Amino acid sequence: MPLKIFIFLFLIFPFLSTAQEKLNFHKVKIDKGETIKSLIKKYQLDVEDCNLQKFYKLNKLTPTSKLDINKSYFIPVLLFDFNGKSIRSSIDIDDWQVAYRIDLYNKKMLDAGKRKKNIKDSKIIWVPYHELYCKEEIVVKQTSKRIFPIFGKKYEKNSSIG
């Protein structure tokens, strides 16, 4: 009997964990002629190895795979419930800069027509996968310029401060 339970869990568990993982990612339809890289760029995600590898894994694809116009695909954008307070408390992070970039990302997606509603109205936060899981790549990129919104749009990107 224990052997049957073990075999059952061994066979079923990977499907359960994969299904649950996919429920947390945003799913999109593609446009005719779209490639994996153009889809990633369309959603203003870094075309870095981390995002591409996650896209391949989520959709069970390889780097040479072609996208099918009749299918929907998961993109490396995590979906979190908004608790009505803040991005940081909703996704359980302490880093203000990460929360700020996530907020900007959601506003850009709304402006680009990718999102239908803002975070407060939809109660959903879109979090680019690389913001939480590709730390090594982000650190290298951020060392050249830091963003200081307190100085206004014209002077917020300043590489000589700090």
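Values in this text are rule-based calculations from the coordinates and carry no lab data. Quick caveat, the model's predicted, so the values are computed rather than measured. Backbone-built Cβ (ideal geometry, glycine too); neighbour counts: all protein chains shown.
Some values worked out for this structure:
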read-out: Computed E for Val47/Leu132 - FRET, C-beta separation, R0 25 angstrom, nearest 0.05; value: 0.90
read-out: Calculated from backbone phi, Karplus (6.51, -1.76, 1.60) coupling profile of the stretch 80-92 in Hz, x at Gly/Pro; value: 10, 6, 8, 7, x, 9, 7, 5, 4, 6, 5, 10, 6
read-out: Entries in Lys32/Lys107; Lys32/Lys120; Lys37/Lys108; Lys41/Lys154; Lys66/Lys123; Lys60/Lys114 that, when Cα-Cα distance is taken, lie over 22 Å; value: Lys32/Lys107; Lys32/Lys120; Lys41/Lys154; Lys66/Lys123; Lys60/Lys114
read-out: Cut-off 14 Å between beta-carbons: net charge of the residues surrounding Lys41, Lys and Arg +1, Asp and Glu -1; value: 0
read-out: Amide H partners (placed H, <5 Å) of Ile124, local residues excluded; value: Phe82
read-out: HN-Hα J in Hz across the stretch 99-113 - Karplus 6.51, -1.76, 1.60, θ = phi - 60°, x for Gly and Pro; value: 4, 5, 5, 5, 4, 4, 4, 5, 5, 4, 5, 5, 4, 7, x
